[in-house]
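Written below as structure tokens is the structure these notes are about.
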Amino acid sequence: MANNVGPYEKVRPQQSLLFRVVAFFSRLQMVYVINRLENARVVIIIFVLTAATAALGIITVAAYLAKLPLLFSPLAPSAFILFYTAMAVTASPRSVLLSHGLGVAIGILSLRLCVLLWPHSGLLDPQVMNWHRIVVIAISTGAMAVLMILMRCIHPPAAATALIAALGYFATPIQILGLLAAVVFLILEALFFIRLLGGIPYPFWRSDPRLMRTYRPLVKGIKTKGNFWQEVAAKIFRQRSIDP
């Protein structure tokens with residue numbers, strides 16, 4: 001006796017084209033690959049290369065089309081940290097946004113303070129290098145390091161932001177807003193590439209220690225072998241341990 005099956009009951013959800021397409025792309029996500037491969041080195045390298053290149057390329061195109069100063073040198077190392085150690089504290093949106101904001105604020109305040117103390121030092125000209133500039137750089141970078149530690153928003157590229165501001169390269173409010181807009185843009189791109197495409201639970205604000213333990217390759221980066229002298233020292237240590 002033939003079964004009278006309706007047209008909507010013949011195809012199971014697992015057999016539909018949409019389901020197969022979603023399943024195929026889900027297997028390409030970082031979360032799927034990392035949990036199933038013992039050595040995820042190649043996958044992480046490819047992900048960092050494509051995601052960081054695409055993120056900085058998009059910001060560059062946006063800066064060109066909008067005619068806005070969205071590009072500054074610390075943005076590149078920030079992108080590397082975000083995509084290479086996505087689950088680390090230094091890559092969280094909180095650390096990235098607060099540290100770069102602190103960097104530009106501390107650099108400008110240090111510069112303005114020294115201009116008030118030495119009005120004829122020429123510090124507002126980025127090309128001028130004298131002992132007054134050395135004082136500005138020392139104050140801004142030192143204060144930046146202390147505040148990042150105290151506020152627990154450590155992000156090393158932001159120290160370069162403080163240095164650029166202390167050198168006088170942020171002369172207009174448009175340049176300051178462009179820097180902050182670029183940082184926000186980079187964080188949004190990280191959420192898109194890491195969380196949406198990669199399937200990795202990249203935080204919306206603060207890093208989760210439990211997730212950091214789960215995704216160790218994305219916290220400390222890829223494990224690499226020691227350099228030549230480290231390997232020599234290790235061999236000598238092992239030889240001395242064997243010898244009576």
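Nothing in this text is a laboratory measurement; each read-out follows from the coordinates by a stated rule. For clarity, every value in this text was computed on a predicted model and none was experimentally measured. Because the Cβ atoms are built from the backbone with ideal geometry, glycine has one as well, and the counts that use them run over all protein chains shown.
Global size of segment 105-202: 16.4, 55 Å for Rg and Dmax (C-alpha atoms, Rg to one decimal, Dmax whole). Fully extending the segment from Leu180 to Leu116 would add 20.4 nm, taking 0.36 nm per residue of separation and subtracting the current Cα-Cα distance.
Packing around the peptides 193-202, 87-96, 147-156, taken as the average count of other Cβ atoms within 10 Å per residue, puts them in this order, highest first: 87-96, 193-202, 147-156. Annotation: amide H of Leu123 has no partner in the under-5 Å range at sequence separation 5 or more or interchain, hydrogens built in the peptide plane.
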